[in-house]
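Coordinate-derived values only; no laboratory data. This structure is a prediction, so every number in the text was calculated from the model and none was measured. Cβ atoms come from the backbone with ideal geometry, glycine included; neighbour counts cover every protein chain shown.
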Amino acid sequence: MPAAPDFPPAPDAIKPVRALISLSDKDGLEDVARTLAGLGVELVSTGGTKAAIAGYGLPVKDVADLTGFPEMMDGRVKTLHPVVHGGLLGVRNAPAHDAAMTEHNIGAIDIVWIDLYPFEKTVEDGGGFEAAIENIDIGGPAMIRSGSKNHGHVAVAVDGESIGLIVEALKADGATSLTLRKQLAACAFARTAAYDAAVSSWFAGQLNDAAPARKSIAGSLAQTLRYGENPHQTGAFYRTGEKRPGVAYAEQVQGKELGYNNIADADAAYELVAEFESPACVIVKHANPCGVGVGATLSEAYARALECDAVSAFGGVIAVNRPLNGDDARAITGIFTEVVIAPGADEEAKDVFAAKKNLRLLITDGLPDPHGAGEVFRSVAGGFLVQSRDRSLIKPSDLKIVTRRQPTPTEIQDMLFAFTVAKHVKSNAIVYAKDGQTAGIGAGQMNRRDSARIAAIRAKEAGEAKGLAHSLAQGSACASEAFFPFADGLLEAIAAGATAVIQPGGSMRDAEVIAAADENNIAMAFTSVRVFRH
């Protein structure tokens with residue numbers, strides 16, 4: 001490990017003499033260039049950025065004028081030169097560095113503004129392999145890292161916000177402070193780390209390597225949260241850059257700031273509601289759906305979702321898969337709701353929601369593809385888990401009927417609806433559903449029997465609230481997201497009123513469970529697909 005040199009302390013204030021600028025996105029370049037030039041800062045640049053600055057009528061030097069070497073190899077080599085990196089890395093108040101800079105005619109570079117080649121956008125826009133490779137920046141990250149390492153003397157900007165802070169400091173004091181340069185260096189190193197993570201993840205994808213030897217996750221800060229899951233925990237929300245419609249890129253139309261739990265619940269609700277083609281509504285409370293319904297309209301779907309568990313729905317998060325209108329908004333605002341997320345809302349709906357000042361209304365630019373590729377992550381002590389997104393889709397033709405009684409077409413529809421919901425319920429999960437409506441949901445229990453019992457309690461209460469003489473689960477389909485290890489959970493479902501059951505199958509006691517189903521004359525289907533969600 002290199003020993004730390006005995007450098008003199010870095011000066012607090014650095015009055016810049018020279019700035020090196022190289023941008024792919026030239027938004028804001030003219031104002032910054034004019035400001036720097038007006039403050040007497042010499043501008044150095046390359047290629048298109050140099051041409052743009054010259055086009056503003058400002059003096060600008062080409063990097064080649066400093067290095068004495070022309071840009072070559074299709075632009076791959078232009079800034080990788082001792083004169084550039086010496087100007088960035090030289091510790092100006094260290095005698096040996098100062099002597100080397102003088103001997104080799106290396107001028108100091110005090111400001112670096114580089115935004116890197118648009119690799120991420122090239123990939124996002126569907127650029128081919130060669131296009132992606134050519135948009136991997138080499139010189140840019142090298143200069144950013146050089147300047148950031150030498151933050152005692154160099155201010156580095158990697159985005160509009162960073163250069164804005166530099167310009168603001170120069171206008172106020174004519175110099176950059178050491179505190180600011182440290183902050184900028186931290187931001188810059190995070191940017192190059194994210195850039196490298198994007199490149200490595202893309203390359204692994206090109207090789208179909210689902211488990212590369214090293215994996216990085218990068219994100220950009222979207223929001224500093226008031227706290228995490230609890231008030232004594234800190235929290236922050238980051239975007240990874242994955243352009244999947246949902247809470248990360250939703251527009252918040254109104255309401256107070258989103259919290260950690262609001263964001264997590266909104267994501268869970270929106271991912272589930274996207275599973276349905278008909279107008280649908282999902283109500284989530286504490287990470288689990290407490291009601292799901294489809295209908296001819298969103299208002300009807302909401303009413304059917306609410307019937308499942310109106311008690312839990314109070315203070316919940318609501319997701320719908322159609323743009324909201326005024327009638328939908330009036331229905332939803334009938335009880336206290338924390339968050340509503342939808343792929344649109346008309347002006348009447350927004351006016352209705354506006355009367356509920358604490359309700360957060362989120363509008364997205366579409367629905368996530370429930371069967372699209374992607375990865376999900378979970379932290380553990382000392383590491384993180386990575387898995388592919390659950391893209392499972394069970395169709396009627398996938399079902400294996402294992403009982404003597406065959407399910408009716410209506411029961412098959414109910415089974416598939418219930419299994420779709422169960423896919424989004426925390427394990428162990430049991431869902432009763434009938435006619436496109438959840439009747440009862442049992443979530444997060446340590447054994448499947450208790451999940452079946454809890455779901456039955458919810459269904460019984462829902463029936464009573466509706467004024468029925470029977471449970472809402474009467475005549476329902478029961479879905480279990482994993483196999484029944486014993487017949488006890490199945491028997492609880494039968495007692496609740498289920499007439500059809502859907503489950504993955506695969507237990508050592510499948511024969512026992514099938515026999516119990518036959519004895520009670522219910523239909524049962526195996527999916528051969530488990531949909532755990534912990």
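Numerical summary
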read-out: nm² value of the averaged projected area, convex hull over the Cα atoms of the range 395-439; value: 3.6 nm²
read-out: Under the span-like rule (Cα at least 27 Å along the axis, Kyte-Doolittle mean at least -1.0), DSSP H helices of the chain; value: 178-206
read-out: Prolate/oblate/rounded call for the range 205-320, Cα gyration tensor, a/c under 1.5 rounded; value: oblate
read-out: Kirkwood Rh in Å, taken over all unlike Cα pairs in the range 413-513; value: 12.8 Å
read-out: Peptide ranges 280-290, 86-96, 371-381, 441-451 listed from the most packed, as the mean C-beta count within 10 angstrom indicates; value: 280-290, 441-451, 86-96, 371-381
read-out: The range 144-278, Cα convex hull volume normalised per residue, Å³; value: 192 Å³
read-out: Size of electric dipole in the chain: Cβ of Lys, Arg +1 and of Asp, Glu -1, about Cα centre, debye, nearest 20; value: 1000 debye
read-out: Highest-first arrangement of 45-56, 429-440, where packing means the average Cβ count within 10 Å; value: 429-440, 45-56
read-out: Euclidean distance between Cα centres, the range 162-214 to the range 290-361, Å; value: 40 Å
read-out: The range 237-297: relative contact order as a whole-number percent, Cα under 8 Å and 6+ apart; value: 24 percent
read-out: Cα-based Rg of the range 258-309 normalised by 2.2 N^0.38 Å, two decimals; value: 1.10
read-out: FRET efficiency, 1/(1 + (r/R0)^6) with R0 35 Å, evaluated for Asp159 and Thr297 via beta carbons; value: 0.20
read-out: Cα-based convex hull, the chain, per residue volume (Å³, whole number); value: 192 Å³
read-out: Violating pairs (Cα-Cα greater than 22 angstrom) within the set Lys400/Lys460; Lys356/Lys426; Lys182/Lys256; Lys121/Lys243; value: Lys400/Lys460; Lys356/Lys426; Lys182/Lys256
read-out: Part-to-part distance (alpha-carbon centres) for the range 374-409 and the range 83-117, which is given in Å; value: 57 Å
read-out: Contour minus Cα-Cα distance for Ile401 and Tyr227 (0.36 nm per residue); value: 57.8 nm
read-out: Whole-Å distance, taken between Cα centres, linking the range 1-75 and the range 479-534; value: 69 Å
read-out: Where labels lie 7 Å past Cα in the beta-carbon direction, separation of Phe203 and Lys256 in nm; value: 4.7 nm
read-out: Rh by Kirkwood over Cα pairs, then Stokes-Einstein D for the range 302-451 at 0.692 mPa s and 37 °C, µm²/s; value: 181 µm²/s
read-out: Net lengthening on full extension, Asp327/Leu39 (0.36 nm per residue, minus Cα-Cα); value: 97.8 nm
read-out: Placed amide H near Glu375: partners under 5 Å, 5+ positions off or other chain; value: Arg389
read-out: The chain: relative contact order in percent, alpha carbon pairs under 8 Å with at least 6 residues between; value: 8 percent
read-out: Sorted peptide list for 191-198, 98-105, 416-423, 229-236, criterion being average Cβ within 10 angstrom, highest first; value: 416-423, 191-198, 98-105, 229-236
read-out: Charge dipole of the range 419-534 about the Cα centre (unit charges at C-beta), most positive-ward option of Ile457, Phe532, Ser471; value: Phe532
read-out: The range 11-162, dipole about Cα centre (Lys/Arg Cβ +1, Asp/Glu Cβ -1), debye to the nearest 20; value: 580 debye
read-out: Under 27 Å from Lys61, Cα to Cα: lysines that are on another chain or at least 8 residues apart; value: Lys15, Lys26, Lys50, Lys78, Lys149, Lys171
read-out: Relative contact order (%) - the range 157-281, alpha-carbon pairs under 8 angstrom, separation at least six; value: 14 percent
read-out: Charged-residue dipole, Cβ positions (Lys, Arg, Asp, Glu), the range 383-455 about Cα centre, Debye nearest 20; value: 200 debye
read-out: Spatially proximal aspartates and glutamates relative to Lys215 (Cα-Cα < 13 Å; intrachain offsets below 8 disregarded); value: Asp196, Glu375
read-out: Segment His534-Asn520, length gained on full extension (0.36 nm per residue, minus Cα span); value: 1.9 nm
read-out: Principal semi-axes in Å for the range 324-363 [√(5λ), Cα gyration tensor, largest first]; value: 13, 11, 9
